[in-house]
Amino acid sequence: MDTLTTAGSIPEGHRLLNGRSRADDLRSKVLGKPLLFIQFSDKLLTKDRRFRKYYEAAYRKVQGYHLPEHFMEIPYWIPVISGVLPADLERSLLIVENIDSAIETINLKFRDHVIFISVLDANEEFVRRLIVHTGNHFILGGYTKKEWYENNGRCIYLSRIAELPDIFPSSNPDRPPEYSLFDGLECLPRLTLSTGCAFQCRFCTDIPLTVRETSEEAISSSVSAMRKLKFRYIYLDDKSFGQAKNVESLSWIGREVRSYNAEFDGFVVQSPPALALKGGNLERWRELGVRIIESGIELVDDDFLRTMNKAYRETHLPEFAAKVRRNGFLLVPNIIIGFPGSDYTKTIAFVQDNLDIIPWVNINYFSVHNNNVRGALALTARNNLDGDQNIANKSWSTEKSFADGEAAIEKLYELTRTIVFAGSAA
């Protein structure tokens with residue numbers, strides 16, 4: 001595989017000339033051209049197939065959870081961007097399983113298309129290969145560093161969706177997601193009630209600290225846009241559900257969804273223990289239709305929680321689990337593996353003690369992201385793998401820390417995969 005790490009890897013003719021702004025330069029070149037959204041398949045990005053096999057088994061426990069062939073869920077950035085862009089532009093989707101085949105396909109079938117990609121540490125090497133070996137114009141966004149792309153005149157790396165009208169003047173950032181590229185897909189669609197997160201967990205990426213509510217009009221438009229999808233649950237992707245005051249919107253959202261989808265069963269949210277335990281939150285969320293809670297348990301270890309500036313401690317967990325159980329929720333713990341010095345004993349015990357409400361766990365390898373404004377971590381990303389939460393071996397890994405982490409995953413998977421699940425999301 002080619003290694004593309006410097007401006008020197010970019011052919012001279014493709015480098016940006018000084019003078020006009022990058023947006024001005026691209027605007028005339030992409031005018032009226034068809035659009036190609038590129039999503040990299042899990043089959044390409046995740047070589048360790050344990051995770052997918054685990055979810056294939058685990059998701060069968062809860063009717064309405066689906067695992068599409070190439071990704072865990074609809075890559076939400078695609079319908080969001082597609083909705084913002086001019087409606088009259090032709091749209092296509094290319095799922096990349098093999099990078100060489102993708103280059104050939106683009107050069108044969110999509111040579112005139114403007115390509116959109118969400119750049120992550122996990123796919124950046126492939127993104128750069130596509131740029132170098134095709135002649136298309138690329139509009140990019142993500143959490144990676146911009147320098148490499150800023151040296152290429154065919155690329156623009158956007159920081160915000162609000163910048164799209166600078167390139168496509170008739171774009172409208174206020175329009176709802178547009179799902180035409182995924183019509184008929186069985187999935188868990190996403191809905192955003194708010195952006196930002198007031199918590200300051202030190203491993204978090206570049207998310208604004210100010211919580212901003214989505215307008216009721218925008219929420220309603222997004223709900224209506226889901227009509228052609230097949231789903232039982234809606235995933236609310238607020239970073240910490242319950243921080244925004246518009247959680248009461250779930251009442252009318254549920255009614256609106258059921259007006260066109262009789263199979264709708266409720267909402268999936270992500271919220272930390274400290275927020276879920278606040279006041280009567282859990283009781284009210286149940287009344288509003290929340291059925292499944294993903295929660296950042298991370299690692300049951302007060303030293304780790306303190307280091308990561310998490311807002312809960314070990315003593316909160318028994319009450320949290322009891323209230324989740326009493327209110328009839330399912331709980332999906334988000335677990336972090338691979339932080340130096342981690343001891344997983346109490347994390348495994350927490351899961352084992354609560355198997356009646358835990359259908360599966362979400363595993364993420366500890367990673368350091370380039371745009372971590374919360375920062376203050378003692379670890380520094382030395383390569384792209386250090387920022388990839390799907391990769392176990394990091395520059396700070398030792399033989400013991402790697403082995404301990406893998407053993408913990410196997411135990412957590414064994415517990416939640418083989419024990420008969422007794423809970424219900426109904």
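The values are calculated or read from the model by the stated rules, or taken from the named source; none is laboratory data. Just so it is clear, the model here is predicted, and its values are computed rather than measured. Cβ placement follows ideal geometry from the backbone for every residue including glycine, while neighbour counts extend to all protein chains displayed.
Among the helices (runs of 4 or more DSSP H) confined wholly to the range 209-298, which include 3 or more residues that are surrounded by fewer than 20 Cβ atoms within 10 Å (Cβ to Cβ)? So that I can check it myself, show each step before the final result.
Working: elements: 216-225, 250-258, 273-276, 281-288.
Where helices (runs of 4 or more DSSP H) fall fully within the range 209-298 and carry at least 3 residues being surrounded by fewer than 20 Cβ atoms within 10 Å (Cβ to Cβ), they are 216-225, 250-258, 281-288.
When the residues of the range 133-160 are filtered to those that are assigned to a helix (DSSP H, G or I) and touching a strand residue (DSSP E or B) at 6+ places or on another chain (Cβ under 8 Å), which remaining residue is modelled with the highest pLDDT? Give the steps one after another, and end with the answer.
Restricting attention to the range 133-160, the residues satisfying the condition of being assigned to a helix (DSSP H, G or I) are 133, 147-150.
The next check asks that each one be touching a strand residue (DSSP E or B) at 6+ places or on another chain (Cβ under 8 Å); those that pass are 149-150.
Values: Tyr149: 92, Glu150: 85.
Across the range 133-160, the extreme among qualifying residues is Tyr149.
Looking only at residues that are of a type in the set (Ser, Thr, Tyr) and touching a residue at least 40 places away in the same chain (Cβ under 8 Å) in the range 123-175, which one is surrounded by the most Cβ atoms within 10 Å (Cβ to Cβ)?
Our first condition is that a residue be of a type in the set (Ser, Thr, Tyr); within the range 123-175, this holds for 134, 143-144, 149, 157, 159, 170-171.
Applying the additional criterion that residues be touching a residue at least 40 places away in the same chain (Cβ under 8 Å) yields 143-144, 170-171.
Working: Tyr143: 17, Thr144: 22, Ser170: 10, Ser171: 20.
Here the residue is Thr144.
So which of Ser101, Ser82 ends up being more than 30 Å from Pro359 (Cβ to Cβ), in contact with a strand residue (DSSP E or B) (Cβ under 9 Å, 6 or more places away or on another chain), outside any loop (DSSP other than H, G, I, E, B) and among the polar types (S, T, N, Q)?
Ser82
Only one of these is of a type in the set (Phe, Trp, Tyr) and surrounded by fewer than 21 Cβ atoms within 10 Å (Cβ to Cβ): Phe116, Phe110. Name it.
On the way: Phe116 fails: surrounded by fewer than 21 Cβ atoms within 10 Å (Cβ to Cβ).
Going through Phe116, Phe110 in turn, just one is of a type in the set (Phe, Trp, Tyr) and surrounded by fewer than 21 Cβ atoms within 10 Å (Cβ to Cβ): Phe110.
Which condition from (1) within 21 Å of Pro189 (Cα to Cα); (2) in contact with a strand residue (DSSP E or B) (Cβ under 8 Å, 6 or more places away or on another chain) is the one that Leu130 breaks?
Among (1) within 21 Å of Pro189 (Cα to Cα); (2) in contact with a strand residue (DSSP E or B) (Cβ under 8 Å, 6 or more places away or on another chain), the lone unmet condition for Leu130 is (1).
Would you point out which residue out of Glu73, Glu124 is modelled with pLDDT under 95 and in contact with a Phe, Trp or Tyr (Cβ under 8 Å, 6 or more places away or on another chain)?
That would be Glu73, the only listed residue that is modelled with pLDDT under 95 and in contact with a Phe, Trp or Tyr (Cβ under 8 Å, 6 or more places away or on another chain).
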